[in-house]
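Below is one structure, written out as structure tokens, with a few remarks after it.
The values are calculated or read from the model by the stated rules, or taken from the named source; none is laboratory data. Small disclaimer: the values here were computed from a predicted structure and weren't measured. Counting neighbours? That spans all protein chains shown, and the Cβs are built from the backbone with ideal geometry, glycine included. When the accessible area is computed, the model is the full protein with side chains, heavy atoms only, and any ligands, DNA or RNA have been set aside. Shrake-Rupley method; radii C 1.70, N 1.55, O 1.52, S 1.80 Å.
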Amino acid sequence: MPPAPVAKQELLQRLAAGHAARITVVTPNARLARELAREFDALQAARNLQVWETADILPFGAFVERLYEDALYSDLAERLPLLLSTAQVRVLWEATIRASRWGEGLLATPQAAADAARAWALAHAWRIDGALAAYPGNDDAKAFAEWAREVARRCDKDGSTDEARLADVIAPLLPEAALRKPKLLVAYAFDVVTPQERDFFDACAKAGIEVRVCAPVWREGKAVRRVFPSAREELEAAAAWARAKLEAGAGRIGVVVPELERRRREVVRVFARVMRPDHNLPGAEPRALPFNVSLGAPLADYPLVNAALAILELATHEVTFDHASKLLRSPFIAGASSEMAQRALLDVSLRRIAPAKLNLGKLVALVKGAPILRQRLEALFGTMRPANDSPHDWARLFTDLLEAMGFPGRSLDSDEFQTRAKFNATLAELARLERVAPRMRQEEALAALRRLCADTLFQPESSDAPIQVLGVFESEGLEFDALWVSGLTDEAWPLHASPNPFIPVALQKKAGIPEATPEATLGRAKKITNGWLEAAPEVVVSHAAHEEDRDLIASPLISGVPSFSGTPEIIRVDRYRDVLFAERRVERVKDGKAPALQTKTPRGGTRILVDQAACPFRAFARHRLGAEALEEPVEGLDARDRGSLLHALMKELWTELKGSEGLKGDVAGAIERAATKAVQEEAVEEPLASLERMRLAKLARDWLRVESERLPFEVVALEEKRNLRVAGLELSGRIDRIDRLGSGGHAVIDYKTGRTTPQEWLGERPDDPQVPLYALNAGDVSAAVFAKLKAGEMRYMGFSRAKDAIPKVQAAKNWETLVAGWKKELEALGSSFAAGEARVDPKKMLQTCRDCDLQPLCRVYERLSALDEEGGDE
């Protein structure tokens, strides 16, 4: 016989009698329990009461666990199995899966363990655990049946149980006097009652507990349907509507967002901007925002916890430089505030010298100029001890490591304080894993902690917010003054059937599990939809009309809701940036002219002219303001390292060969010696050094074949530093090589490996004025060339006075005219730089800007449209 119903208003009145009435209300989830408790408190406050007893309202699972704890501290304790935590159960499943015949074929055992644990809970909730082995299924189902038997055997052997079976453990004990049982047990808002829950309620009734059911008060409301061009505009409209309802006096406002977990950050950003546009401005007073998002974020995503995990990672493993860099600048280690500037400068300097990966010892050796940081890193190094310890010992060591770094580094605000408390609880949960995993290696312990933090959804507690942003299932059973349900396209609603992959679908269908079949899923979606339409006096259902280039239509479940017509009661909340732009209070200042250069020897060398040609502002910012992008250490050798190796190779090779005469004998020894010395000079470590020696030797052999085709020449200068004069300036430079030609005059040679041509020396603002500048300052020059040292493209490129002076080098129509043109353009570039010419004027528009690292400084995209590559020169 099903339990008798009780009206909600009657239930709230009876709860007012206090604990003496011995009334307990259980709900399907924690959110419904909080909402019903809030309603009860509001009712007591409306009666002008100053104090009242807290109503006993809690989720079903928490009620069963409370009964277990009562039994644990009574004479019944010896009859109870030990209750394993969720994390302990997860580790038990992982160990079982790894030890099974299926374990080696799995790529992600932790994920398989999580899925298996969910299947285990589902099987017990719907009373199909006994049929798992007998029911025909695929390999996944067979594997799960084996794992489930082994987990059950291990639990029976160890005298333990888990939350999935706790109700079945407590039900036989309900008649015992030792348990503190309610007189009346009310099941509130149970839309779906599993067989396990039904059996438990029946056991309560047999034990003398009066069991009743209660449902939310549904009301007949006005519902309308709205359509928006995009999901983003739909969300912004919902947020603005919620603010309008709040300002109109509504006390409980709901906004349902399907896929809330995926869109959580977007939701928080949009609602925060709409509710309080100045919330993130510097110096804004911290105040609670009037909305709450039902789904918390993974604990690992909170900055404080992320920093703690980063400290432990650095203490125990080699980490990437990016990982170490973020930690150095973290506010959650000691001295972060007092050494903020020093640590920022340290980060810049380390980017130039640090490897792409480094361990704690290497980092300690590199840290200079930040004494508190170095002291803490040394303390961290001294605290670390590798061992094969228990999870309890690892939790204690992790705590010691964090303390060694002075974590959390400063006083915490309320949210951070709660986050740290939750992290400490997670460390305690790690220690409890000792029950099922007596020993763990270092990497296993840290991986377990990271997984615990990633699996733990957390949200700091705050004052009760009038606006609730909810997922689909979190909204079931709730009542509001106004409700907006978004995202109801035919693709998103109803949800697709999602049977558990570890349990045969036929078995799930026979048990009546709602998610197992399309029919059952559709039936539940209809119930939820009807519940939304009756959950508030005013209901808005909406969907987007387009997603990128796809058209979307409304879900058939809301097709009967009338479309909205008229003017929406929505507050327009403009972004600060839009308001400022609309004011048009623009002060125009001509900022393309800087003060004239006060020195004749600016720093920057020949790059000054290269940058001045590309964009005058780039040259001004780099070589007068000292602006530069942060470097990023890379694995192995970067392009600059390889360029240095190439120059070192050529220098050593021609130092020995000296010219064309040296090519007449056996050059193999010279090549090997040059490659070896180049690698040594650049301090390349093994095993990369061996590979680089082979690469350089092959490159040298190929290049000398090109050199052997030349007319007689003599190398007279290698990597020669010179002061290069142009427009009254003296620029430092290094000429790769100068050859004395047998035909007369000299050739200036510049080594190149990338895509470049001598055409870049020509015209106004030449793209690469470096070689022309060398030619103008090298004396009697009759050829200016690139030596293209690229596998498969080995050749000389450039211009010469006479034909065939160097193979494949083009003879200038008029050498003197060519040199005079170079002089004119380089003088113009040098003069404009010296005069302070600094306008933002990229020579090739976006093509020039694409690879520039100064875009945030020059703000070029405020002048240039986001054109595609083909339209970049428009």
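Structure data summary
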quantity	calculated
Test item: Cα-centred dipole of the range 189-287, Lys/Arg +1 and Asp/Glu -1 on Cβ, debye	380
Hull shadow area, averaged, the range 1-101 [alpha-carbon convex hull, nm²]	11.0
Carbon plus sulfur fraction of accessible area for the range 471-602, probe 1.4 Å, in percent	53
Mean separation of Cα contacts under 8 Å, 6 or more apart, over the residue count of the chain: relative contact order %	12
DSSP-assigned coil residues among trypsin sites (Lys or Arg not before Pro) in the range 704-773, each with at most 10 further Cβ atoms within 10 Å	Arg755
Accessible area expressed per residue, the range 164-311, with surrounding protein chains retained (probe 1.4 Å, Å²)	45
Net charge over other residues, Cβ less than 12 angstrom from the Cβ of Gly662 (K, R count +1; D, E count -1)	-3
For the range 601-671, with +1 on Lys and Arg beta carbons and -1 on Asp and Glu, the positive-most of Leu637, Ala613, Ile671 along the dipole	Ala613
Average accessible surface area per residue within the range 435-549, 1.4 Å rolling probe, Å²	44
Surface accessible to a 1.4 Å probe, Trp52 within the full protein complex, Å²	90
Measure of compaction for the range 28-80 (Cα Rg per 2.2 N^0.38 Å)	1.55
Environment charge of Arg127, counting only residues whose C-beta is closer than 15 Å and scoring Lys/Arg +1, Asp/Glu -1	-1
D_trans [Stokes-Einstein, Kirkwood Rh over alpha-carbon pairs] for the range 559-638, 20 °C, 1.002 mPa s, µm² s⁻¹	113
Net charge over other residues, Cβ less than 12 angstrom from the Cβ of Gln111 (K, R count +1; D, E count -1)	0
³J(HN,Hα) computed for each position of the range 752-769 - Karplus, 6.51 cos²θ - 1.76 cosθ + 1.60, integer Hz, glycine/proline x	9, 10, x, 7, 7, 9, x, 4, 6, 8, 9, x, 6, 6, x, 5, 9, x
Most to least packed among 615-626, 257-268 [average Cβ atoms within 10 Å]	615-626, 257-268
Sparse-neighbour loop sites [trypsin sites (Lys or Arg not before Pro); the range 533-608; at most 11 other C-beta within 10 Å; DSSP]	Arg572, Arg575, Arg584, Arg585, Arg588, Lys590
Computed label-point distance, nm, for sites Asp666 and Ser462 using a 7 Å Cα→Cβ extension	8.0
Volume per residue that the Cα convex hull of the range 702-776 spans, once the total is divided by residue count, Å³	123
Label point distance in nm, Arg722-Lys658, each placed 7 Å from Cα along Cα→Cβ	2.3
Cα-centre dipole for the range 592-639 with unit charges at Cβ (Lys and Arg positive, Asp and Glu negative), debye to 20	580
Within the accessible area of the range 605-704 (1.4 Å probe), percent carbon and sulfur	53
Scattering curve values for the range 780-836, log₁₀ I(q)/I(0), Debye with Cα scatterers, q = 0.14, 0.19, 0.20, 0.22 Å⁻¹	-0.51, -0.74, -0.78, -0.84
For Thr161, distant residues with modelled amide H under 5 Å away	Leu82, Leu83, Leu84
Computed over the range 620-690: relative contact order in percent, which uses C-alpha pairs under 8 Å that are six or more apart	34
Stretch gain in nm, segment Asp702-Lys824, where the contour uses 0.36 nm per residue and the Cα spacing is subtracted	40.2 nm
The chain, helix-only ellipticity at 222 nm - DSSP H runs n ≥ 4, -39,500 (n - 2.57), divided by all residues, nearest 500	-13500 deg cm²/dmol
Top positive-direction residue, dipole computed over the chain with Cβ charges, set Ala465, Phe144, Met794	Met794
Square roots of 5 times each gyration tensor eigenvalue, C-alpha, the range 402-552, largest first, Å	39, 26, 16
Student exercise, the chain dipole from Lys, Arg, Asp, Glu Cβ charges, in Debye to nearest 20	1600
R0 of 41 Å, Cβ-Cβ distance Arg795-Ala596: FRET efficiency to nearest 0.05	0.45
Given charges at Cβ of Lys, Arg, Asp, Glu: the range 266-413 dipole, positive-most of Thr383, Gly369, Trp394	Gly369
Filter on Lys600/Lys721; Lys651/Lys788; Lys752/Lys813; Lys157/Lys181 - keep pairs with C-alpha separation over 21 Å	Lys752/Lys813; Lys157/Lys181
The range 523-592 pair-distance distribution - Cα-Cα, 5 Å bins, rounded %	3, 10, 13, 13, 13, 12, 9, 7, 6, 5, 3, 3, 2, 0
Apportionment of accessible area to carbon and sulfur, the range 397-444, percent (1.4 Å)	48
Restricting the range 1-61 to GluC sites (Glu not before Pro) in coil, as DSSP defines it, with at most 15 other Cβ within 10 Å	Glu53
